[in-house]
Amino acid sequence: MTTAAPSVSRERLLEQEVRNLRAEVERLRLALAEKKGIDVSTLQAPRHGPDPSAKHPAGGSPRVVFLANVVTRPNIEVGAYTYFSGEGCEHFERENVLYQTDDPADRLTIGRYASIAPGVRFLMNGANHPASGTTYPFWMFGRGWHERREPRFRGPTTVGNDVWIGLEALILPGVTIGDGAVIGARAVVAHDVPPYAIVAGNPARVVRRRYDDATISKLLELRWWDWPPERVTRNLPELLDGRFDQVT
C-alpha cells in the first residue's frame, strides 16, 4: 500500500513560481550588467522596498508622497511609509489639514503604512463653534464685538497603522481610527473607529469587521508595521494573502 504525497495548494505553487521567475530576472540583470562592464557588486544590494526618506517614492511620480517627508507643522506627526496621493499632494498640511490651531494639543498623528486617497481632509479643532448660545463669531469682526466664548475642544486626532482612508473622506476633530481600519470613500468620520473595522456613510458607521476577534488580536500583537523592512519583504506573500499564522 502506498501513501499519497501531501497535496500542495495551487496558490503555494504559483507563489514559488513567481519567486523563481524573480530570481531568474535578477540573474539575467546581473549577467547583462557584467557583460556591459558594470561592477555588479554595486547592483547586488538587497532591495527591501522604497527609501522611506524619499519624497516621491512611486517611481518619482509627483502625485504620490511619503507624508513624513513633506509635513512641517510641529503638531502633525506621520509614520514611515504612509503615503498621500493626488494633485498637489505636497501641500497636504495646507490643503487637507484644515483649521488646525497652534495649540500643541490640537494634534494630528498618523501611523505607519497608512494609505490616504485624494481629497481626504482632516478637520481640526479650530473649526469648532461654541454651541451653548449663538454660533456666530462676533469676535472676528471687532468694532465693539469683542465678547468671545471658546468652543468645545475635542482633542487630538489619531490615525493608526495600516489604515486605508478612501477618496474624499472627512475626518472630524478628536477622532481615533484604529489600526487596520478602512474608511469608505466620502465617509464622514465623527466617532472613533475600532481596529480592523470597515466604515462608510455620513455619519460613518461600521459596515463589518475585516477579521474575527482572534485574528484581530493576533494582528494587534504582531504589529508587523514595526518590523524592519527586511522582515516585511520576506513576509510579503503572507501579509498580502492574510496568512498571518505563517509569518516568520
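Being in contact with a Gly (Cβ under 9 Å, 6 or more places away or on another chain), farther than 16 Å from Val97 by Cα and not in a strand (DSSP E or B) is a condition met by at least one residue of the range 166-179. With respect to Gly201, is the statement that it is in the same structural domain as Arg112 (by TED's automatic domain parsing), more than 25 Å from Val78 (Cα to Cα) and at pLDDT 95 or above true? Considered against the rule, which asks whether it is in the same structural domain as Arg112 (by TED's automatic domain parsing), more than 25 Å from Val78 (Cα to Cα) and at pLDDT 95 or above, Gly201 comes out as yes.
Within the range 122-162, the set of residues being without any contact (Cβ under 8 Å) to a residue 12 or more places away in the chain, part of a loop (DSSP other than H, G, I, E, B) and loosely packed, with under 11 Cβ neighbours inside 10 Å comprises Thr134, Phe141, Arg143, Gly144, His146, Glu147. Residue-level check: of (1) surrounded by fewer than 19 Cβ atoms within 10 Å (Cβ to Cβ); (2) free of Cβ contacts under 8 Å to residues at least 24 places away in the same chain, Ser115 misses just (2). Looking at Leu219, Leu167, Leu236, just one residue is modelled with pLDDT under 95 and either of a type outside the set (Gly, Ala, Ser) or under 28 Å from Glu93 (Cα atoms) (or both), and that residue is Leu236.
For (1) more than 30 Å from Val18 (Cα to Cα); (2) assigned to a loop (DSSP other than H, G, I, E, B); (3) under 18 Å from the mean Cα position of the chain (by Cα), each residue gets a yes or a no:
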residue: Arg186; (1), (2), (3): yes, yes, yes
residue: Pro203; (1), (2), (3): yes, yes, no
residue: Tyr211; (1), (2), (3): no, yes, no
residue: Leu219; (1), (2), (3): no, no, yes
residue: Trp225; (1), (2), (3): no, no, yes
residue: Leu240; (1), (2), (3): no, no, yes
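Contact map, the range 82-99: residues that are basic (Lys, Arg) paired with residues that are at pLDDT 95 or above, Cβ distance under 7 Å, separation 6+ or inter-chain. No pairs are found.
The values are calculated or read from the model by the stated rules, or taken from the named source; none is laboratory data. This one's a predicted model, so the numbers in the text were calculated from it and none came from an experiment. Using ideal geometry, Cβ is built from the backbone for each residue, glycine included, and neighbour counts are taken over all protein chains shown.
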